[in-house]
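The values are calculated or read from the model by the stated rules, or taken from the named source; none is laboratory data. Please read all numbers here as calculations on a predicted model, not as lab measurements. All Cβ positions, even for glycine, are placed from backbone atoms using ideal geometry, and neighbour counts span all protein chains on display. Note: accessible area is taken over every heavy atom of the protein model, side chains too, but ligands, DNA and RNA are not part of it. Shrake-Rupley method; radii C 1.70, N 1.55, O 1.52, S 1.80 Å.
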Amino acid sequence: MNLNGKRALVTGGSSGIGLEIARELLIAGAIVGITGRRQGAVDQALRQLEGQGPIRGLSADVTTSEGRARTLELAAESLGGLDVLVNNAGGVRAGRLEAITEDEIRQMVEVNLTGPILLTRAALPLLKESGDGLVVNVSSGIALVGMAFYSPYAAVKAGIAHFGEALRRELDGEGVRVLTVYPTATETPMMATSGMARDGGREMPSDVAREIIEAMAQDRLEVVRGGSVRLEMVKRNRTDPQAVDEALRAIKPAMEEGARDHSAL
């Protein structure tokens, strides 16, 4: 896909990976809209992106029908249509399953899975009208290798990944493609309360965003971050999952401690 002149919408675009995706899309010549739940954060992001290209934004919550309607209004009215939808908005609550509340689990399902599915469904007429449409679903490396103390989060991120795979095949030959992204631990506001992968173990969101833009341009099907070590772990998890269990057993106490206070919903 040639991104120059394309109309792109990024949910959760006010910070972290979403903000950097918006920045890279502008650099590539796209017309960009961003949404986020907090108007103040959206305004701050717009100030950061000002002067880098045509950018619009508003506050909208993808877990509500009103928020999804506002999101698509931004695309139709301010962008003039839609060629690229980036489902990036997300949230997490980690810890032992019995310590996570029902409300927190439902929030994770809504923001990471139900909301993006319903937004994509509503956006399909605009994407099909484009004739060269693309849906980008930001999943997580945890969808490929489930990690202790992230059980509900792993479930919803695996769900959005398989939603994208199935939708890609459903839309094959109809002018809309699907790209799935699997970031590893990344230095974003969502990771602020996590004790995992500190001390240089996190990627920068700008690096993740640049590969996503490359993948869009190259019509790739997926982006798996984390390098050769991560790819080997994914492969081993498929062929010998017990070996992964054993490797993680030694660090289970540290993982529990690092996940205990991780909350960004």
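Brief remarks follow.
One line per residue, one yes/no per condition, for (1) in a helix (DSSP H, G or I); (2) open to solvent by 30 Å² or more (accessible area, probe 1.4 Å):
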{"residue": "152", "(1), (2)": "yes, no"}
{"residue": "156", "(1), (2)": "yes, no"}
{"residue": "165", "(1), (2)": "yes, yes"}
{"residue": "178", "(1), (2)": "no, no"}
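- Here residue 5 does not fit the description of being touching a residue at least 12 places away in the same chain (Cβ under 8 Å), open to solvent by less than 40 Å² (accessible area, probe 1.4 Å) and at positive phi.
- Odd one out for residue 16, checked against (1) in contact with a Pro (Cβ under 8 Å, 6 or more places away or on another chain); (2) on the phi < 0 side of the Ramachandran plot: (2)
- Residue 122 vs. criteria touching a Leu at 6+ places or on another chain (Cβ under 8 Å), surrounded by fewer than 20 Cβ atoms within 10 Å (Cβ to Cβ) and in contact (Cβ under 8 Å) with a residue 40 or more places away in the chain: yes
- From the list 29, 57, 51, the lone residue that is outside any helix (DSSP H, G or I) and free of Cβ contacts under 8 Å to residues at least 24 places away in the same chain is 51.
- Among the residues of the range 130-150, the ones that are in contact with a helix residue (DSSP H, G or I) (Cβ under 7 Å, 6 or more places away or on another chain) and either part of a helix (DSSP H, G or I) or within 13 Å of residue 94 (Cα to Cα) (or both) come to 8 in all.
- Matching residues in the range 77-110 - criterion: being surrounded by 16 or more Cβ atoms within 10 Å (Cβ to Cβ), of a type outside the set (Val, Ile, Thr) and within 16 Å of residue 6 (Cα to Cα): 78, 79, 82, 83, 85
- Per the listing 238, 249, 225, 198, the residue uniquely at pLDDT below 95 and either open to solvent by 40 Å² or more (accessible area, probe 1.4 Å) or under 28 Å from residue 107 (Cα atoms) (or both) is 198.
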